[in-house]
Amino acid sequence: MEDIAASERLLRDEYGYTRVEVLNTRAMRERVNSSYYIGGMYSPDSAHLHPLNYTLGLAAAAEKTGAEIYENTEAISVSKGKPIEIYTAGNAYLKGIFPQLRSRIMPVGTYMIATAPLGRDLAADTIRDSSCVADMNFVLDYYRLSQDDRMLYGGRVSYSTLEPLSIKASIGRRMEFVFPQLKNVPLEYAWGGFVAITVNRFPHFGRTA
C-alpha cells in the first residue's frame, strides 16, 4: 500500500493530477471481487477501448485521406531516395529494417484468453463495473469484461521471446488464482504476441536519419 500511496502523491504533487483515489482493502473488494488484492488505485478519468475497432477506424480514416494499405505484406528494407518521412509504427515487429533502433527496443511477450460468456450475475461477481484492471507487478496481469460478459484476461508477461506451451493453460491458471469463482469456466479463445518497450523504460523521440 505504501507504493500505491506514493504513486498517488506523485501524480498529485508532480503532475497536478488529482482524479485518483487510493482504495483500501474493503474499497478494492467493492470494485473487484478478489481476495488477492489488499488495495488499489482508481482513476475515474481513465478509459479502455476495443483495439480491433480502433485499428479499423484508423485504417478507414487513413484511406479517406488517400493512404494505401497493404495487408499481409512484410516490409523487408528501406532504401534512400526522394525525401519522404517514414513513420516506424511497427511496434516489436520492425525486425532488421531499422538496425539503429535494435539496441533501444525490447520485445515483451503478452498473452490473453477470453472465456465463454459468463452471464450477467457471474460477470458482476468479478469486476463490479466497466473498469479495466491492471496490477503493479513486474510480471503484471490485466483484464476487463467484454460487452457480452466474457472475461478477457491477460498476463504472464514474458521478457524473453519464449512463448508459453499453452496460453490457455498458463493464463487460465492465473485467472482462476485471482478469481476462484471462474474455475472450470470454458476458455474459448487465446492469443498472444509481442509489444515493444524501451530498454530504459523512458519514451524515446527522434529520427533515424
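The values are calculated or read from the model by the stated rules, or taken from the named source; none is laboratory data. Remember, predicted model here, so these are calculated numbers, not experimental data. We place every Cβ from the backbone using ideal geometry, glycine too, and count neighbours over all the protein chains shown.
What the table below lists for this structure:
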quantity	calculated
Check on Pro203, under 15 Å from Met106 (Cα atoms) and either assigned to a loop (DSSP other than H, G, I, E, B) or not hydrophobic (A, V, I, L, M, F, W, C) (or both)	yes
Conditions (1) closer than 25 Å to Gln147 by Cβ; (2) modelled with pLDDT under 95; (3) among the small types (Gly, Ala, Ser): number failed by Gly57	(2)
Extreme residue, nearest to the chain's Cα centre (by Cα), among residues of region 31-47 that are farther than 19 Å from Asn137 by Cβ and loosely packed, with under 12 Cβ neighbours inside 10 Å	Ala47
Breaking point among (1) assigned to a loop (DSSP other than H, G, I, E, B); (2) touching a residue at least 12 places away in the same chain (Cβ under 8 Å), for Asp3	(1)
Qualifying residue in region 71-86 (condition: on the phi < 0 side of the Ramachandran plot and touching a helix residue (DSSP H, G or I) at 6+ places or on another chain (Cβ under 8 Å))	no
Residue within region 6-18 that is among the aromatic types (Phe, Trp, Tyr), surrounded by fewer than 10 Cβ atoms within 10 Å (Cβ to Cβ) and within 29 Å of Gly206 (Cα to Cα) present	yes
Residue check, Ile113 within 29 Å of Asn184 (Cα to Cα), hydrophobic (A, V, I, L, M, F, W, C) and touching a helix residue (DSSP H, G or I) at 6+ places or on another chain (Cβ under 8 Å)	yes
Residue check for Ser34: closer than 30 Å to Ala124 by Cβ, in a loop (DSSP other than H, G, I, E, B) and at pLDDT 95 or above	yes
Looking only at region 193-207, and only at residues there that are at pLDDT below 85 and farther than 19 Å from Val157 by Cβ, the one that is farthest from the chain's Cα centre (by Cα)	Arg207
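Results for (1) under 21 Å from Arg31 (Cα atoms); (2) in contact with a strand residue (DSSP E or B) (Cβ under 7 Å, 6 or more places away or on another chain); (3) in contact (Cβ under 8 Å) with a residue 24 or more places away in the chain; (4) not acidic (Asp, Glu), shown as yes or no for each residue.
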residue: Gly109; (1), (2), (3), (4): no, yes, yes, yes
residue: Met136; (1), (2), (3), (4): yes, no, yes, yes
residue: Met151; (1), (2), (3), (4): yes, yes, yes, yes
residue: Phe179; (1), (2), (3), (4): yes, no, yes, yes
residue: His204; (1), (2), (3), (4): no, yes, yes, yes
